[in-house]
1. For each pair in Lys286/Lys342; Lys314/Lys342; Lys108/Lys211, compute the distance between the two Cα atoms and list the pairs where it is over 29 Å.
2. Kindly write out, for segment 283-292 in residue order, the coupling ³J(HN,Hα) from the Karplus curve 6.51 cos²θ - 1.76 cosθ + 1.60 (θ = phi - 60°), rounded to whole Hz, with x marking Gly and Pro.
3. Which order do Ile385, Ile179 fall in if you start with the one that has the fewest other Cβ atoms within 10 Å?
4. Which of the peptides 63-76, 144-157 is most tightly packed, and how do the rest follow, going by the mean number of other Cβ atoms within 10 Å of each residue?
5. Karplus couplings for segment 121-126 from phi (6.51 cos²θ - 1.76 cosθ + 1.60, θ = phi - 60°), rounded to Hz, Gly and Pro as x?
6. What's the FRET efficiency of Leu155 with Asp287 using the Cβ-Cβ distance as r and R₀ = 22 Å, to the nearest 0.05?
7. Hey, rough spin-label estimate for Gln82 and Lys58, points 7 angstrom out along Cα→Cβ, what's it come to in nanometres?
8. Quick one: net charge around Leu142, please, counting Lys, Arg +1 and Asp, Glu -1 for every other residue with C-beta under 13 Å from its C-beta.
Amino acid sequence: MVPVFLNPATTVQLESQLDEGTSSAAVSSSQPSGRSTNVQDHVSVPANILNSLLTSVKHLKASVDTLQQSVSKLQTDNKGLQEELQSTKADLMIFRENSGVKFPRFSKLPAEIRRIIWRFACTAPQVHNLSKHGGSRSYVNLVMNTCTEAKAVGLALKLDYFLVSYQIGYTGSEIFGTIKNYVNLDVDTIWLTQNDTFMLFPEDIQWICGKCRINGSRRSDPCYVGCLSALGGMAPNSVRRVAIDFTKWVDPEDDVDEMGTWHICQRHGIKELLLVVGRIGLEWEKDISFVSPTQDPWLTYLYMTEDLKVAESKGCQILSGGRNRTWQELEATMVQKAEEFKVQRAKDREEAFSSGDVSAEEVDRFPWREWSPLRDVSQWKPPCIRFVEAMKDTHKWTLAPVEKPRAAR
């Protein structure tokens, strides 16, 4: 065994000596010149232990490098996992929005927060499908049937509602049902799907004001301007949003009262008119919502005209001119049609009054003046018009419109 002397104050080049194959390390003291080296300051280390120590140091450095690489890899993996987590959270939000999610701790929330949630659920926008065959069930009813607390909150809102006639009495009169289908006409959409020539609100549905409970039997004293009793309970006096199938569209010149589909817009003060195109046969599906058309006007026209009866409709004839046009351009065309109709109606009134056959007072005082082909529409403001496609809520997030999102109106 060859001893190796190490001075604690000595700078030892261990790695270089190991690389040079030295079996023992000759170490010189870094003390100032002229000073003698004391033997007691040196430590005797066997050469094999020194070699083992140097080898361990080298292995340690390799292990440190490996650990550093592992840390870098973990950081990269962690970043990828965070991105995947964000994507999973987004998918989870979509899943929650499109499926029934239970919240077992809801009953432990403060009563004030629970009432806010119930109120929000009772006033959420929904689509009401109405036709001469009946009407769809309101989702507010489902919320109010959850518990007594939810029912109390719903009743306190005093929402309007409609009753559907399901049978005819012995005298031939209609017997309306007792189920109150609650509506919020400020945010809800009324989808009229009946197949009659006149696109009107169904006569077998009775509308009742939720604030004064006045129906058709007491229409002389409405509680406010938008009270449902203003039209005798036969239809709402003011509706913000109505949807109709574009295949049911009627131009003024094709209608007996020379107003066509514009009649329902003017009579009920509609602010937004949704023209439904594309898919057919979803009228009685549940969880319906309206989205931007998934195809351009021309492809939509080709799809809809597969049904020969639909192909003959006025709406499809309008779509047939939509080659190389966008939905926004067609919407602008429909609004322009409404403005042109107002101008033409003013000219017709002026010609009729100038001839002396009828006077403005006679037309405006006529009991059924709303059906008069000369009634005044100068104060009528045409609604905002949008082309939409009906889709089930469970599928609407899987399809995106072909056009860019529309700017807010």
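Taken together, the values in this text are just the output of simple stated rules run on the coordinates, not laboratory data. Owing to the predicted nature of the structure, the values given are computational and were not obtained by experimental measurement. In this analysis, Cβ positions are derived from the backbone assuming ideal geometry, glycine residues included, and neighbour counts consider all displayed protein chains.
1. Exceeds cut-off: Lys286/Lys342; Lys108/Lys211.
2. 4, 10, 7, 8, 6, 8, 9, 10, 10, 4
3. Working: Ile385 18, Ile179 14.
Fewest-to-most ranking of Ile385, Ile179: Ile179, Ile385.
4. Listed from highest to lowest mean packing, they are 144-157, 63-76.
5. 5, 6, 10, 5, x, 8
6. 0.30
7. For the pair Gln82/Lys58, the computed spacing is 4.0 nm.
8. Numbers: positive: Arg137, Lys151, Lys180, Lys286; negative: Asp287.
Within the 13 Å Cβ shell, the charges total +3.
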